[in-house]
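Student: Sharing a structure below in structure tokens format, with a few things to ask.
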Amino acid sequence: MRGTTTPAVLVCEDDPIQAKVLAEGLMRRGMTVIGPCATPEDAKAQAERHEVSAALLDVSLEGGSCADAASVLAGRGVPFAFITGYSTDAASTLRKFSDHLVVPKPIPPDLLDQIIDTLIPPAALPAE
């Protein structure tokens, strides 16, 4: 899918303000936003349902962890980063996926750009 269509990014974030900031930052870059998903069930369902180029996963969603969505994405080879207000050693989800990027919230726009460039290298994006 990369290189031929607009990249889609799954956003799993239960804080409405953070979700809006992330979605707006991604749309500013011309990306399609899937979500935001606020619950673990919705996050997993969207991860299973959509072809995405990358994902931003809040570690702790409304009612539980994003671990199931992360497992789906990892199984499909989709790059993702965790966003969290918790310390990196406090969540079992982070330990299970310790090879993935972990970013503390809130995420300023310039850092969001860097995260996306890491997950979806500019060379993999469609030509404008």
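Just so you know, all these numbers are worked out from the coordinates, no wet-lab data involved. Note that the structure is a prediction, hence the values are computed from the model and not measured. Here the Cβ is made from the backbone with ideal geometry for all residues, glycine too, and neighbour counts use every protein chain on show.
Student: What's the total number of residues in the range 34-57 that are in a loop (DSSP other than H, G, I, E, B) and among the aliphatic types (A, V, I, L, M)? Working first, answer last.
Tutor: Within the range 34-57, the subset in a loop (DSSP other than H, G, I, E, B) is 38-39, 50-53.
Those still in the list that are among the aliphatic types (A, V, I, L, M) too: 38, 52.
Number of matching residues: 2.
Student: In this structure, does residue 58 turn out to be farther than 16 Å from residue 113 by Cα and in contact with a Gly (Cβ under 9 Å, 6 or more places away or on another chain)?
Tutor: Here the answer is yes, as residue 58 does meet what is asked.
Student: I need the full set of residues from the range 58-76 which are part of a strand (DSSP E or B) and either surrounded by 17 or more Cβ atoms within 10 Å (Cβ to Cβ) or of a type in the set (S, T, N, Q) (or both), in order please.
Tutor: Listed by number, the residues that qualify are 58, 60, 61, 65.
Student: Search the range 93-110 for residues that are over 15 Å from residue 60 (Cβ atoms) and pair each with any residue that is outside any helix (DSSP H, G or I) and aliphatic (A, V, I, L, M) when their beta-carbon atoms are under 8 Å apart and the residues are at least 6 apart or on different chains.
Tutor: Cβ pairs passing all conditions: 100/81; 101/81; 107/83.
Student: Any chance you could count how many residues in the range 49-73 are among the hydrophobic types (A, V, I, L, M, F, W, C), more than 17 Å from residue 101 (Cβ to Cβ) and in contact (Cβ under 8 Å) with a residue 40 or more places away in the chain?
Tutor: Looking only at that region, the number is 1.
Student: Cβ-Cβ distance below 7 Å, separation of 6 or more or different chains: which pairs start in the range 23-48 with a residue that is touching a residue at least 24 places away in the same chain (Cβ under 8 Å) and end on one that is surrounded by 18 or more Cβ atoms within 10 Å (Cβ to Cβ) and hydroxyl-bearing (Ser, Thr, Tyr)?
Tutor: So the pair list comes out as 40/65.
Student: Go through the range 14-45 and count every residue that is within 14 Å of the chain's Cα centre (by Cα), closer than 19 Å to residue 110 by Cα and either buried (at least 17 other Cβ atoms within 10 Å of the Cβ) or β-branched (Val, Ile, Thr) (or both).
Tutor: Summing the residues that are within 14 Å of the chain's Cα centre (by Cα), closer than 19 Å to residue 110 by Cα and either buried (at least 17 other Cβ atoms within 10 Å of the Cβ) or β-branched (Val, Ile, Thr) (or both) in the range 14-45 gives 10.
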